[in-house]
Amino acid sequence: MSRVVLIVMLLGLIASSHAKSPSTSFAATTSYSYYPPSRDKASWQRLNLWLSSTYLYISKEAQTDQDSCLIIASRYLGLSRFALLAEGFADEKLREQSAWFDRADPNLGIRLLASTNGKRRLQTLLLLGAYYAFQPSAYTRYRDSTAYFLQAAIKESKTQKEGKWQRTALCLLGKIYLQVNDPKGDSIYHQLLLQCKQAGDKETEARAMAYRGIYTATQQATFQRKIQDLQQAADIYHSIGDIEGEINVLTDLGYLLTVIGKQSKAYDLFYKALSLEESIHYPYTHYNTEALANVTMYQGKFGEPLRYTHQTIKVAENCRDSIGWGLFYGRLAILYTSEGRQEEGYDMALKATQRFVIDRNPAVYNVLNIVVERMNNEGRANEALTFVSNISKKVNPLASVADQFFYQNMLSTCYLNLNKFDSAEIHIKKMDSLETLAEAVRGPFRRAGVNQRYAELYLKRGQFRIAKSYLEKNATIQSYGHHALMNDLWGYHLLIATDSALGNYKAVIAHYKEYTKLLDSNYRVNKIRQAEELQVMYETREKEAQLIALNQQAQQSKLVKNLTLGGIGAVAIIALLLYRQNRLKQKSNQIITLKNIQLQDLLDDKEWLLKEIHHRVKNNLQIIMSLLDSQSRYIDNSAALTAINDSQRRVQAISLIHQKLYQSENTSFIDMPRYIDELISYLQDSFDFSHRTVIEQDIEPLKLDVSKAIPLGLIINEAIVNAIKYAFPGQQQGVVKISLQHHDPDHLLLHIADNGIGLPSDMNLVKQGALGFTLMRGLTKQLDGVFNIENNQGLHISILFSTSNNLSYE
């Protein structure tokens, strides 16, 4: 085998197949609440891109190059490659100025280069070099551009004495040569590692070892060095505390060891990587548990692959990373089926198929076997063939050797169940050719599946000796330490059927023993191990209980002592806490007292300001009254003089309210009995009618706010003035009664009545538009009240209005 491609070998492990058992899938752990991965810190974004792109590279059997896989992964995850490509020289400002990077427009970056200088220019040169170095087929398509920018960066870094960035440029430059095994890559990295050791630059040294272990083209001659490089990178990352870097290289190293059959060591590496992920609460653990599921399955374990697969699906779905959903569901379907949980396996196989169709992923044929077998067992062989044909139209054309192999496997299954042996043989031979082609690259990983398929064909044709010869060939196939349980079980099943047909019952018994032994050692050993673990736990607890009983007496005195000391300590702590609480309470009380004083001062200031406002308003109203009085001295017209006098009284009604407010302690409410009494006294003085008109008051002791008191005062003013002026003509004596009482809990009733002559019978207040009555109506509306006037042995005026939110009691 002149050339061994790592990922193709891995897929051979994961996907060893025969007619009854297609390949498995990958797994993961952990649960968390989803948020966009772009909100992660840079080191987590970088690790996410590394692990997901490596997984893609594996799942595509190296048919897609690593750099293309990185681009695909970044699009799936919604992550920029900036965090990975600019490692070692990036800062936030460079990120902000590099919009061209995510838009894949390096020409814009080149134009930006012309306007920068100093360190920013050096960073831009490095980023342009990294951009081209990580392009697909960089060596053949962008080698000149990569070398131009990185050589310029090396020269610039020497000028600016930025040795670390010079080494970063060398690391990026050497990558494109390593990927094609150009000797220049080894030369660059030899120089780079020497510079790192001289400068004590562990960070760049670790990255260089990791790059060389990951990107060196895999050949038999380079395989061992790749393992050594990744191990050294892991050790350096561990020594400098770069956990994310250590996780990445441990995972890659685990894949390499899996290929050469060192499953136990690979398991340890994957498990260590998973433990490190959990230690930093890294949420995207599904790529390492996928690897653990794969390794444990090929170690012949039973419970662990299922557990890791469930963890995989849970985490992958929670973090919405759909890169491997189809394969994850497919693995779970196979594990369910191998446990005899046929319905669950079938349902999960359908779910996997649906996901593959959504992704248009031709890897669907790897899990489709479960669905096809179900249809065949139900006598729907023709429908199964149509189903496979329809699926082929919904996914992308077959590209990899693996996808072609499993497609041919599906068709051979369908034709065997239709008993169309010639058609089945055509597709089995195509499987044989594809495997022969692949064996030249990565060894005979699927040869057993091809031999088993030939055996099924000849067994159905009745050519039992030929069938057995193919099954016996499997014993000579190089193992590499990988055994798929379902494959081995199906192989023994075919041997038993073949030997039975040949009448070789001794061989049948021998194969049946191996078959049952395999079941015992693989299916039951895990359950026995779990039972033993429970027994050990039970016995351990029993021994602990006995030890407690034996030491109880000795422990009692120690317990009393500890309790006493603990009690003293608790009392001291409680006393300290109480003292501290008391001090805190005193301090809080002081703060509260100070705040209350400040609030009271603010309140006093507010009250003073309000009183000052009311005082000034009252003074201004007095000025208005004086102006009206002065004006009245120069008016000969009696009607005009009467209007001015009426206005004076109205202004006085308002002024009196503001006078009461600034004289009172309460600047919000008016004491209505006192206010009305003073208002009536003013009117009596104004008209000098006390000898012939008596005003009787029946005012409930209450207070109203300014918005109610002012319109109410003006109404009373108008009503009393009208009664004085018109109710008692000549020297007629009379009584005016004013009442302000609660009509009901929510309303007040103002009633003003006189026993005078009343209104003329022919008087229409609406048409004649008397100012006083018009004013009273308008003021009643302001009170949101009802105005009523009645002419019955004198004039009766009633106003019913609401007291809501405006009433205060004595």
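The values are calculated or read from the model by the stated rules, or taken from the named source; none is laboratory data. Because the structure is a prediction, the values reported are computed rather than measured. Cβ placement follows ideal geometry from the backbone for every residue including glycine, while neighbour counts extend to all protein chains displayed.
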Exercise. Of the residues that sit in segment 229-267 and are assigned to a helix (DSSP H, G or I) and out of contact with any helix residue (DSSP H, G or I) (no Cβ under 8 Å at 6 or more places or on another chain), which one is farthest from Tyr287 (Cα to Cα)?
Worked result: Asp235
Exercise. Out of (1) under 23 Å from Thr289 (Cα atoms); (2) among the aliphatic types (A, V, I, L, M); (3) modelled with pLDDT of 95 or more; (4) not assigned by TED's automatic domain parsing to the domain that holds Leu85, the odd one out for Ile236 is which?
Worked result: (1)
Seminar exercise, completed: Over segment 730-748, the set of residues closer than 15 Å to Phe801 by Cβ and in contact with a Phe, Trp or Tyr (Cβ under 8 Å, 6 or more places away or on another chain) is His747, Leu748
Exercise. What are the residues in segment 31-57 that are of a type in the set (Phe, Trp, Tyr), more than 17 Å from Tyr237 (Cβ to Cβ) and in contact (Cβ under 8 Å) with a residue 60 or more places away in the chain, if any?
Worked result: Tyr32, Tyr34, Tyr55
Problem set entry | Tally, over segment 276-320, of residues that are under 19 Å from the mean Cα position of the chain (by Cα) and free of Cβ contacts under 8 Å to residues at least 24 places away in the same chain | 2
Exercise. Going through segment 346-357 one residue at a time, which ones are farther than 11 Å from Leu327 by Cα and touching a residue at least 24 places away in the same chain (Cβ under 8 Å)?
Worked result: Tyr346, Val357
Problem set entry | Candidates Leu584, Leu621, Leu578, Leu594 - the one that is over 60 Å from the mean Cα position of the chain (by Cα), part of a helix (DSSP H, G or I) and either of a type outside the set (Gly, Ala, Ser) or at pLDDT 80 or above (or both) | Leu621
For this session: Name every residue in segment 707-734 that is of a type outside the set (Gly, Ala, Ser), out of contact with any Gly (no Cβ under 9 Å at 6 or more places or on another chain) and touching a residue at least 40 places away in the same chain (Cβ under 8 Å), in order of residue number.
Result: Lys708, Ile710, Leu712, Leu714, Ile715, Ile716, Asn717, Ile720, Ile724, Gln733
Seminar exercise, completed: Selection over segment 420-452 where residues are over 48 Å from the mean Cα position of the chain (by Cα) and closer than 27 Å to Ala507 by Cβ yields a count of 7
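Specify which of the listed residues (Asn318, Asn288) is under 15 Å from Trp50 (Cβ atoms) and of a type in the set (S, T, N, Q).
Step by step, each of Asn318, Asn288 is checked, and only Asn288 is under 15 Å from Trp50 (Cβ atoms) and of a type in the set (S, T, N, Q).
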Exercise. In the list Thr216, Thr159, which residue meets the criterion of being within 22 Å of Tyr132 (Cα to Cα) and hydroxyl-bearing (Ser, Thr, Tyr)?
Worked result: Thr216
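Tell me yes or no: at least one residue of segment 430-450 is in contact with a Leu (Cβ under 8 Å, 6 or more places away or on another chain), within 21 Å of Leu494 (Cα to Cα) and either without any contact (Cβ under 8 Å) to a residue 12 or more places away in the chain or of a type in the set (A, V, I, L, M) (or both).
Checking segment 430-450: not a single residue is in contact with a Leu (Cβ under 8 Å, 6 or more places away or on another chain), within 21 Å of Leu494 (Cα to Cα) and either without any contact (Cβ under 8 Å) to a residue 12 or more places away in the chain or of a type in the set (A, V, I, L, M) (or both).
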For this session: Of all residues in segment 298-327, count the ones that are closer than 14 Å to Asn288 by Cβ and not in a helix (DSSP H, G or I).
Result: 3
Problem set entry | Restricting segment 75-105 to residues that are among the hydroxyl-bearing types (Ser, Thr, Tyr) and in contact with a Phe, Trp or Tyr (Cβ under 8 Å, 6 or more places away or on another chain), the residue that is nearest to Thr124 (Cα to Cα) | Ser98
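Among the residues of segment 330-351, how many are within 15 Å of Tyr55 (Cβ to Cβ) and either at pLDDT 95 or above or out of contact with any Asp or Glu (no Cβ under 9 Å at 6 or more places or on another chain) (or both)?
Residues flagged as within 15 Å of Tyr55 (Cβ to Cβ) and either at pLDDT 95 or above or out of contact with any Asp or Glu (no Cβ under 9 Å at 6 or more places or on another chain) (or both) within segment 330-351 amount to 1.
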